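A quick write-up on the structure given underneath.
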Amino acid sequence: MPSRKFADGEVVMGRWPGSVLYYEVQVTSYDDVAHLYTVKYKDGTELALKESDIRSQSSFKHRKSQSSSSSPSRRSSSRSRSRSRSPGRPARGRRRSASQSREHKDDKKKTIQETSLALPVLVLFKPSENNTKRYNGEPESTEKNDTSCIILEQKLKPDLEVKRVLEQYSLRSRKDDKKKEEIYSEKKTFVTVKPIEKVPTKTKELEFGGRIGTFMMMFLLPATVFYLLLMCKQDDPSLVNFPPLPALDSLWDGRVFGLYLLWFFLQAVFYLLPIGKVVEGLPLSNGRKLQYRINGFYAFILTAAAIGVLLYFQFELHYLYDHFMQFAAAAAAFSLALSIYLYVRSLKASEEELAPGGNSGYFIYDFFIGHELNPRIGSFDLKYFCELRPGLIGWVVINLAMLLAEMKIHNLSVPSLSMILVNSFQLLYVVDALWNEEAVLTTMDITHDGFGFMLAFGDLVWVPFVYSLQAFYLVGHPTAITWPVAVAITVLNCVGYYIFRSANSQKNNFRRNPADPKLANLKFIPTATGKGLLVTGWWGFVRHPNYLGDIIMALAWSLPCGFNHILPYFYVIYFICLLVHREARDEHHCKQKYGLAWGRYCQRVPYRIFPYIY
């Protein structure tokens, strides 16, 4: 890592967040972890700035001296041209005095132009205190503002007088256009700042226990999936009743693997269809924006139509239930093969294409977290595709297969009320995710995390086979509930969904367009990145209201399974642990990203997920 460039106490020029203006600031401290400088403005405001947003004073002085030193040369060349005459021109006398008079006026105009050109530089780089206050929404000092306006009017008075005379007599110099171009080019030399080339950094802070922890999780995650599925198939799925291990050859079925590949590539075909709008994602580290086709909901409709055709031709969809373990093994094998491919191709990726959290230099860790941020084959984005399509839509298909299996095994003419509730609640969740597909582009999975074993296994195995645990449990362990209980559970799910959806909508709309008139009632804290932190609405209630809605919905999904066993509530326990981990991860990431502004936000919103509790 390169050493810090600016020392404590050094006076430098700092860029004001969200603008191109640089002001004189003093460096007070430096965060080695976040690589942010804490600087203090003349009005006492303290902000955390990146090194790329700070310039030395000498660079500005050098630019200013270069543009001002060019003026005498132009004046001398103008005088030399005015002294030269054509052969047929009279030599002396009155003509010469007129020439000198014009020369004097030209010099006066040039002096006035140079004076007016220097004024924006003073305003740009040495602002008054009330400018900073006005940016923060505080009332201005009218006394200081009036004084500065008087001084500015006095300095510009000669220039305004000359302009009035020229307009009155319709006078126009033949070199006006050229002079304007020179003035604009000189102004650009003051405003334009050459960006510093970003130096690629290695990931230093390792998550999930580092290399050893991620190595263990690559075995623990598949083992957990198969343990849960084996427990659900037992007559007594208690935690102390450990299920017998099946033979390894019984977990593999070539036909099942072929059906899984057919499913995966069918979803890929739906993804490539030229339907749905194309949108841009958030800016990458190099400023580039990737394009994404939003057609997940159309893919869901096409999948539902395909399933309907299969049922019409009497295809037994409960085949999924009979070979559920084999399908889970096929998905796990495919996710492992995909992870190997992703890591191998990431070795040829440029530094700017690597994930900020998966560039540690350790093979196991980068393989698990994901080395490349947005792996693509042409326009086919592998991470974005796997995030919503095969696993999330597959979750709904599995739930439907469990519903049909329950009806067949227990000779029911209609599904049980518990199974209907589980299917309905989780169908709403999936449809909502696909309908609001564009919102996924602002999540950390897309903007920060690489695509490796963690996301590949999570999207293709964990989501469809663990999230459908309640429906799989109800097939072997039917649970009867009354209508009043069903209504109460439905209300609980609706409350969780409302919190989840409204909180996410507030965040996504604000990220996309903070100036939207519909969001005018929302207050926020400005940050050094130019973005804002919401402190009203759901995000002023707790720091992660979307996680609160998720947990309430997860509880509503498990309640139809009754209280005979804790197994159906594994999803709730897992979800709480997952979201607490994500919350701690988000806290650390936001502290690094937003610096002092995040500390002010935490003081304003003290509760993380659960109000008045945590």
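The values are calculated or read from the model by the stated rules, or taken from the named source; none is laboratory data. Quick caveat: nothing in here was measured; it's all calculated off a predicted structure. Because the Cβ atoms are built from the backbone with ideal geometry, glycine has one as well, and the counts that use them run over all protein chains shown. These area figures cover heavy atoms from the full protein model, side chains too; ligands, DNA and RNA do not enter into them. Shrake-Rupley method; radii C 1.70, N 1.55, O 1.52, S 1.80 Å.
Scanning the stretch 242-279 for residues that are open to solvent by 60 Å² or more (accessible area, probe 1.4 Å) and either on the phi > 0 side of the Ramachandran plot or modelled with pLDDT under 90 (or both) gives 242, 244, 245, 248, 249.
Only one of the numbered conditions (1) open to solvent by less than 30 Å² (accessible area, probe 1.4 Å); (2) not in a loop (DSSP other than H, G, I, E, B) is not met by residue 29, and that is (1).
Of everything in the stretch 7-21 that's modelled with pLDDT of 85 or more and under 29 Å from the mean Cα position of the chain (by Cα), which residue is surrounded by the most Cβ atoms within 10 Å (Cβ to Cβ)? Even if it seems obvious, please write down each step before you answer.
Applying the first criterion (modelled with pLDDT of 85 or more) to the stretch 7-21 yields 10-14.
Restricting the remaining residues to those that are under 29 Å from the mean Cα position of the chain (by Cα) gives 13-14.
Numbers: 13: 21, 14: 23.
For the stretch 7-21, the residue satisfying everything is 14.
Being of a type in the set (Phe, Trp, Tyr) and surrounded by fewer than 22 Cβ atoms within 10 Å (Cβ to Cβ) is a property that does not hold for residue 368. Would you confirm whether any residue within the stretch 384-394 is part of a loop (DSSP other than H, G, I, E, B) and charged (D, E, K, R)? Within the stretch 384-394, not a single residue is part of a loop (DSSP other than H, G, I, E, B) and charged (D, E, K, R).
The set of residues from the stretch 528-556 being within 30 Å of residue 485 (Cβ to Cβ) and open to solvent by 40 Å² or more (accessible area, probe 1.4 Å) comprises 538, 541, 555. Taken together, 525, 573 contain a single residue that is of a type in the set (A, V, I, L, M), surrounded by fewer than 20 Cβ atoms within 10 Å (Cβ to Cβ) and touching a residue at least 40 places away in the same chain (Cβ under 8 Å), which is 525. Consider residue 408 carefully, then state whether it is free of Cβ contacts under 8 Å to residues at least 12 places away in the same chain and either in a strand (DSSP E or B) or among the charged types (D, E, K, R) (or both). Judged against the criteria, residue 408 is not a match. Among the numbered conditions (1) of a type outside the set (Asp, Glu); (2) over 27 Å from residue 203 (Cα atoms); (3) part of a helix (DSSP H, G or I), the only one that residue 455 does not meet is (2). Tell me yes or no: at least one residue of the stretch 395-402 is at pLDDT below 95 and open to solvent by 20 Å² or more (accessible area, probe 1.4 Å). No, every residue in the stretch 395-402 fails to be at pLDDT below 95 and open to solvent by 20 Å² or more (accessible area, probe 1.4 Å). With the requirement that a residue be open to solvent by 20 Å² or more (accessible area, probe 1.4 Å) and touching a residue at least 12 places away in the same chain (Cβ under 8 Å), what does the stretch 341-353 give you? The answer is 343, 345, 347, 349, 351, 352, 353. Could you grab me the full set of residues in the stretch 418-452 that are part of a helix (DSSP H, G or I), of a type in the set (Gly, Ala, Ser) and either in contact with a helix residue (DSSP H, G or I) (Cβ under 7 Å, 6 or more places away or on another chain) or open to solvent by less than 20 Å² (accessible area, probe 1.4 Å) (or both)? Hits for the stretch 418-452 are 418, 433, 439. Being closer than 30 Å to residue 511 by Cα, surrounded by 12 or more Cβ atoms within 10 Å (Cβ to Cβ), among the polar types (S, T, N, Q) and touching a Gly at 6+ places or on another chain (Cβ under 9 Å) is the requirement here; does residue 291 meet it? Here the answer is no, as residue 291 does not meet what is asked.
Among the residues making up the stretch 209-241, those that are open to solvent by 60 Å² or more (accessible area, probe 1.4 Å) and in contact (Cβ under 8 Å) with a residue 40 or more places away in the chain are 211, 215, 233, 235, 239.
When the stretch 304-339 is filtered for residues that are open to solvent by less than 40 Å² (accessible area, probe 1.4 Å) and not in a helix (DSSP H, G or I), the ones remaining, listed by number, are 317, 318. Residue 379 passes every criterion in (1) open to solvent by 10 Å² or more (accessible area, probe 1.4 Å); (2) more than 37 Å from the chain's Cα centre (by Cα); (3) among the small types (Gly, Ala, Ser) apart from (2).
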